[in-house]
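A quick write-up on the structure given underneath.
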Amino acid sequence: MITYAVYDTSGAITKVLTVTAESLAGNLAPGEAAIEILLAVDPDTCFIDLSGDAPSLEVRPVMPLTVGSMAFTIEESVTISGIPAGTLFQHPDGEDEIDDGFIEWGALEPGKYTLQLVKFPYVTERFYAEVSEA
């Protein structure tokens with residue numbers, strides 16, 4: 001048995017399989033490919049780099065962020081900068097694509113909120129904001 005990281009056309013690992021070489025093709029969906037690996041990998045922290053001559057298993061990079069305090073009042077906001085262009089910012093009011101490198105986010109109601117920045121191959125960044133009364 002051989003362990004494979006199965007990946008899509010972007011290099012995102014879709015699953016890890018331990019199968020015989022002969023049965024690998026039957027376990028791949030259209031558009032998927034596989035690379036032999038020595039150990040199981042976590043798709044949240046690894047990806048397949050397709051930029052070289054041959055696919056290679058790599059660690060997903062961390063976004064070069066500068067993050068303000070995640071504890072603030074309804075009269076304040078948090079600023080996150082260093083966001084790569086094209087990153088999807090997911091927040092309680094929806095989603096926005098970030099192209100200018102930063103966000104300022106605030107809330108009108110006190111509470112705990114989850115904010116997320118998503119851009120492959122970067123590691124997804126998740127933040128927990130705690131907003132209090134003024």
Seminar exercise, completed: Largest-first semi-axes in Å of the equivalent ellipsoid built from the Cα gyration tensor of the chain are 39, 15, 12
For this session: Compute the distance in nm between two label points, each set 7 Å from the Cα along the Cα-to-Cβ direction, one at E97 and one at T20.
Result: 4.6 nm
Exercise. Simple spin-label model, 7 Å along Cα-to-Cβ: T114 to S10 in nm?
Worked result: 1.9 nm
Problem set entry | Semi-axes of the equivalent ellipsoid for the stretch 76-134, Cα gyration tensor, largest first, Å | 21, 11, 9
For this session: At 1.4 Å probe size, with every protein chain present, just tell me what the per residue accessible area of the chain comes to in Å².
Result: 58 Å²
Exercise. In whole Å, how far is the Cα centre of the stretch 91-114 from that of the stretch 1-63?
Worked result: 33 Å
Problem set entry | Length-normalised contact order for the chain - Cα pairs under 8 Å, 6+ apart - percent | 20 percent
Exercise. How do E22, E125, E58 stack up against each other in accessible area, from largest to smallest, with a 1.4 angstrom probe?
Worked result: E22, E58, E125
Exercise. Could you sort D100, D49 by accessible area so the largest value comes first, with the probe set to 1.4 Å?
Worked result: D100, D49
Problem set entry | Globularity ratio of the stretch 1-62, using Cα Rg and 2.2 N^0.38 Å | 1.05
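The values are calculated or read from the model by the stated rules, or taken from the named source; none is laboratory data. Note that this is a predicted model, so its numbers are computed, not measured. Counting neighbours? That spans all protein chains shown, and the Cβs are built from the backbone with ideal geometry, glycine included. Accessible surface areas use protein heavy atoms only, side chains included; no ligands, DNA or RNA. Shrake-Rupley method; radii C 1.70, N 1.55, O 1.52, S 1.80 Å.
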